[in-house]
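Structure first, then comments.
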2 protein chains.
Amino acid sequence: MLIVQKFGGTSVGDLDRIQNVANRVSETKKAGHDVVIVVSAMSGETNKLVRYAEHFSPNPSKAEMDMLLSSGERVTASLLSIALNEMGHIACAMTGRKAGIVTDTAHTKARIENINPKIMKSAIKDGKIIVVAGFQGVNENGDVTTLGRGGSDLSAVAIAGALKADLCEIYTDVSGIYTTDPRIEPKAKKLNKISYDEMLELASLGAKVLQNRSVELAKKLNVNLVTRTSFSHEEGTLITKEENIMEKPLVSGIALDKNQARISLVGVKDRPGIASDIFTKLSNSDVNIDMIIQNKAHDGTTNIDFTVPTNEINDAKAVVDTFVESGDISADSYNDKICKVSVVGVGMKSHSGVAARAFSTMAEENININMISTSEIKISMVIDEKYAELAVRSLHNAYELDK
Amino acid sequence: MLIVQKFGGTSVGDLDRIQNVANRVSETKKAGHDVVIVVSAMSGETNKLVRYAEHFSPNPSKAEMDMLLSSGERVTASLLSIALNEMGHIACAMTGRKAGIVTDTAHTKARIENINPKIMKSAIKDGKIIVVAGFQGVNENGDVTTLGRGGSDLSAVAIAGALKADLCEIYTDVSGIYTTDPRIEPKAKKLNKISYDEMLELASLGAKVLQNRSVELAKKLNVNLVTRTSFSHEEGTLITKEENIMEKPLVSGIALDKNQARISLVGVKDRPGIASDIFTKLSNSDVNIDMIIQNKAHDGTTNIDFTVPTNEINDAKAVVDTFVESGDISADSYNDKICKVSVVGVGMKSHSGVAARAFSTMAEENININMISTSEIKISMVIDEKYAELAVRSLHNAYELDK
């Protein structure tokens, strides 16, 4: 097999851990696999460099930030390659440039445009272990770029796609994806397999492990992703396409998002295009709308409720205020003491009654549901924040996810 | 003027010092000059990375070492550029690659083959301050290389040559070149100007400031070098071609080299080619011979005395032993309690009596001269190490260098 293994900052957090990673890579190579390694900067290094830059400027120039921040991954890649060579392997460290990772010119948040895997392929053919500095590429001007938060995961997935690797293993300090947050429900179980779409819906469970950008890229490139821990040999969770999952569970997991606020607009004037007008302006202000409910009031006006991430309340309020001032909206109110609980599972596509069970479970616990939204594979409910944990545990139990 | 300024590790040793460098660069730019800056890694960084590598391997792979070590200069260059941008300048950080520095493929001790100054020239034309990461280039395979010890000075001199800069200022924690080591003779005076050749002969005075490789390159490229300190605005020492020095002093300085050992070979068989044989084998063992004296003894054999750097005694002894074993040499002895004192000055080319004064000064102090060698601009004497400081002070006084 050809396996891409990505080791995050905590996995390479100090010299002993880098040696530990070298040992793991060595095992994989000795088992007869071809391996391409992608590494992050040693944990704390990137933050240190950001602090250094901020010492000089509150808004440091972006091309310089990329030259600065890309150095951390180069250090880790060189050290791991040195360790592997010392162990008798033939390893070679590669920068993003050498690995053929070409990005657009958006410094500090570049997008990978394509990967030219020629040099990597030839090194693999020669039996070499490739160690790529993650998080970075090179743009058309020949300048180094970085890929933003979670960038090393993106490097790994893109490389796995370009090389048509059998597996792309993402090593972190978390052992995989669980049916729900084990800190809320200790009976939560690790999932063996999950589809890309489920993973995207369960983002709140996986956020510490995998960003949606990486899952989306894996889905697009059809890369089999595994998240697992570098601190033990415990099996992780495979994230793959739905067709690869034989036995589809009704429900895979329960996600909780406390980072949501509800905005209520009362007495919205009933003229054509007003809702479109409001939401277009919110979008232009980079406010991310999640759920929306619209009700006609008895006086002919409309009430609109929607949710936004908590840290975007102020931006949203600034937009709403202009409509209040113009008289298009008579009143607005904001509530950040809410949360969103979601039941996710590909199985619900072909089974009925999943939603009904969620609602009755809430009713049994006397939890009032404020808003509901559903998709093919998800039921989301907005409830008062104080019921968050109770709701998660009740739903986890109702769908027997501990079994 | 176009000025290349190079700041060494101690000058950029912490964030406040980097800001101090930014202030200096800003002054130069505001005075109406074009500036290209070359920076080293923050002091201690390169050593830290070397220690990291040695944690994994006593003999780390060289291409990886280059990728590892080149990161330190990139960090400094980015930070300085960020600081300059914040001060309202338009600065851009460049790696060795971006600056067009092409080297051979000898990782960790690469030689600069050529510089393509196109990108730098265009940036200067746009009024930008260029900040180049020193110590590094790129080889024909596109891999980063490093230039070995003193590499950032070489980068600066080579860039100054390629851009035909008016000046190349090397900033360190030392304020210039002195007539002799001020720790030995407190009356030592800083030299305003000195020729390349004098500087090369005075290496022991300048070693802390400038390596001979850089002076040789400056001579070859006809670059006006200035060594000065970044910690004050004190003028430094200009190292330039002899024709630029109007008033040529008889003697410019007194150099002392305690790092020399004398090897005496007694009863060397008098057959053709034996001396050549001995010195060829020493050279093959990378032993650097400095001075040689050969005397016929009354029994027809020859005595050969020569000096080598102290840390090469063992290598030299290994070679000599083979000749002793074969009977070509009857006895050998080693003395590392010697030193070499040199009187250097371009003026002695056209004046007689300079050497005579050196010998009589030694005689007045009852210092026995073991070996003598002279060149057009230098008189070197090997004496007992215990007289080293006395000899330096006496010669400094005899040539009135404190005046």
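Given B:Val75, B:Val50, which one is under 29 Å from A:Leu84 (Cα atoms), out of contact with any strand residue (DSSP E or B) (no Cβ under 7 Å at 6 or more places or on another chain) and buried (at least 22 other Cβ atoms within 10 Å of the Cβ)?
Every option except B:Val75 fails the conditions.
May I ask you to verify whether B:Thr172 is surrounded by fewer than 22 Cβ atoms within 10 Å (Cβ to Cβ) and either farther than 28 Å from B:Ser394 by Cβ or assigned by TED's automatic domain parsing to the domain that holds B:Val132 (or both)?
no
Run A:Asp402 past the list (1) under 18 Å from A:Glu185 (Cα atoms); (2) acidic (Asp, Glu); (3) touching a strand residue (DSSP E or B) at 6+ places or on another chain (Cβ under 9 Å) and report the number of the one that doesn't hold.
Status for A:Asp402: all satisfied but (3).
Would you please name the residue that is farthest from the chain's Cα centre (by Cα), looking only at residues in segment B:366-390 that are surrounded by 14 or more Cβ atoms within 10 Å (Cβ to Cβ) and farther than 22 Å from B:Ile263 by Cα? Step through it out loud before you land on a result.
At the first step, the residues of segment B:366-390 found to be surrounded by 14 or more Cβ atoms within 10 Å (Cβ to Cβ) are B:367, B:369-374, B:377-385, B:387-390.
Those still in the list that are farther than 22 Å from B:Ile263 by Cα too: B:377-378, B:389-390.
Working: B:Ile377: 18, B:Lys378: 17, B:Glu389: 22, B:Leu390: 25 Å.
Within segment B:366-390, the match that is farthest from the chain's Cα centre (by Cα) is B:Leu390.
For A:Glu376, are the conditions met, namely being more than 24 Å from A:Leu265 (Cβ to Cβ) and in contact with a helix residue (DSSP H, G or I) (Cβ under 7 Å, 6 or more places away or on another chain)?
Here the answer is yes, as A:Glu376 does meet what is asked.
Just to be sure I understand, how many residues within segment B:231-257 are of a type in the set (A, V, I, L, M, F, W, C) and not in a loop (DSSP other than H, G, I, E, B)?
Total satisfying the criteria: 5.
When A:Thr28 is evaluated against the numbered criteria (1) among the β-branched types (Val, Ile, Thr); (2) within 30 Å of B:Lys98 (Cα to Cα); (3) out of contact with any helix residue (DSSP H, G or I) (no Cβ under 6 Å at 6 or more places or on another chain), which criterion, by number, is the only one it fails?
The failed condition is (2).
Within segment A:144-202, work out how many residues are of a type in the set (D, E, K, R) and within 17 Å of A:Ile239 (Cβ to Cβ). Explain how you work it out, then say what you get.
In the first step, residues of segment A:144-202 are kept if they are of a type in the set (D, E, K, R); the result is A:149, A:153, A:164, A:166, A:169, A:173, A:181, A:183, A:185, A:187, A:189-190, A:193, A:197-198, A:201.
Then drop every residue that is not within 17 Å of A:Ile239 (Cβ to Cβ), which leaves A:153, A:166, A:169, A:189-190, A:193, A:197-198, A:201.
Qualifying residue count, segment A:144-202: 9.
Considering only segment B:145-168, I want to know if a residue exists there that is in contact with a helix residue (DSSP H, G or I) (Cβ under 7 Å, 6 or more places away or on another chain) and within 14 Å of another protein chain (Cβ to nearest Cβ).
Scanning segment B:145-168 turns up at least one residue that is in contact with a helix residue (DSSP H, G or I) (Cβ under 7 Å, 6 or more places away or on another chain) and within 14 Å of another protein chain (Cβ to nearest Cβ).
Quick one: which strands (runs of 3 or more DSSP E) sit completely within segment B:1-110 and have at least 3 residues that are touching a Lys or Arg at 6+ places or on another chain (Cβ under 9 Å) and within 9 Å of another protein chain (Cβ to nearest Cβ)?
B:91-94
Per-residue answers, yes or no, for (1) exposed (fewer than 15 other Cβ atoms within 10 Å of the Cβ); (2) within 24 Å of A:Asp197 (Cα to Cα); (3) at pLDDT below 95:
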{"site": "A:Asp270", "(1), (2), (3)": "yes, no, yes"}
{"site": "A:Ser276", "(1), (2), (3)": "yes, no, yes"}
{"site": "A:Ile289", "(1), (2), (3)": "no, yes, yes"}
{"site": "A:Asn295", "(1), (2), (3)": "yes, no, yes"}
{"site": "A:Asp299", "(1), (2), (3)": "yes, no, yes"}
{"site": "A:Asn303", "(1), (2), (3)": "no, no, yes"}
{"site": "A:Gly327", "(1), (2), (3)": "yes, no, yes"}
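Could you tell me which numbered condition B:Gly44 fails, if it satisfies all but one of (1) at pLDDT 95 or above; (2) surrounded by fewer than 16 Cβ atoms within 10 Å (Cβ to Cβ); (3) not basic (Lys, Arg)?
Result: B:Gly44 fails condition (1) only.
When you go through (1) more than 25 Å from B:Val344 (Cα to Cα); (2) crowded, with 22+ Cβ neighbours inside 10 Å; (3) not basic (Lys, Arg) one by one for B:Asn141, which number turns out not to apply?
Unmet for B:Asn141, out of (1) more than 25 Å from B:Val344 (Cα to Cα); (2) crowded, with 22+ Cβ neighbours inside 10 Å; (3) not basic (Lys, Arg): (2).
Could you please give the count of residues in segment A:81-107 that are of a type in the set (A, V, I, L, M), buried (at least 22 other Cβ atoms within 10 Å of the Cβ) and within 26 Å of the chain's Cα centre (by Cα)?
Of the residues in that region, 3 qualify.
Anything in segment B:296-342 that is aliphatic (A, V, I, L, M) and free of Cβ contacts under 8 Å to residues at least 40 places away in the same chain? List them, or say none.
B:Ala297, B:Ala318, B:Val324
Which condition does B:Phe323 not pass, out of (1) part of a loop (DSSP other than H, G, I, E, B); (2) crowded, with 18+ Cβ neighbours inside 10 Å; (3) among the hydrophobic types (A, V, I, L, M, F, W, C), if it passes all the others?
Against the list (1) part of a loop (DSSP other than H, G, I, E, B); (2) crowded, with 18+ Cβ neighbours inside 10 Å; (3) among the hydrophobic types (A, V, I, L, M, F, W, C), B:Phe323 comes up short only on (1).
Take A:Gly127 and tell me if it is away from every other protein chain (no Cβ under 13 Å), crowded, with 23+ Cβ neighbours inside 10 Å and under 21 Å from A:Leu163 (Cα atoms).
So A:Gly127 does not fit the description; no.
In segment B:108-134, which residues are among the charged types (D, E, K, R) and over 22 Å from the mean Cα position of the chain (by Cα)?
Step one: of segment B:108-134, the residues among the charged types (D, E, K, R) are B:109, B:111, B:113, B:118, B:121, B:125-126, B:128.
Hits for segment B:108-134 are B:Lys118, B:Lys121, B:Lys125, B:Asp126, B:Lys128.
Check segment B:166-186 and report whether any residue there is within 25 Å of B:Asp290 (Cβ to Cβ), touching a residue at least 60 places away in the same chain (Cβ under 8 Å) and among the polar types (S, T, N, Q).
Yes, segment B:166-186 has at least one match.
How many of the residues making up segment B:184-200 are charged (D, E, K, R) and under 19 Å from the mean Cα position of the chain (by Cα)?
Of segment B:184-200, the ones charged (D, E, K, R) are B:185, B:187, B:189-190, B:193, B:197-198.
Now restrict to residues that are under 19 Å from the mean Cα position of the chain (by Cα): B:190, B:193, B:197-198.
Number of matching residues: 4.
The values are calculated or read from the model by the stated rules, or taken from the named source; none is laboratory data. Since we're looking at a predicted model, the values are computed, not measured. In this analysis, Cβ positions are derived from the backbone assuming ideal geometry, glycine residues included, and neighbour counts consider all displayed protein chains.
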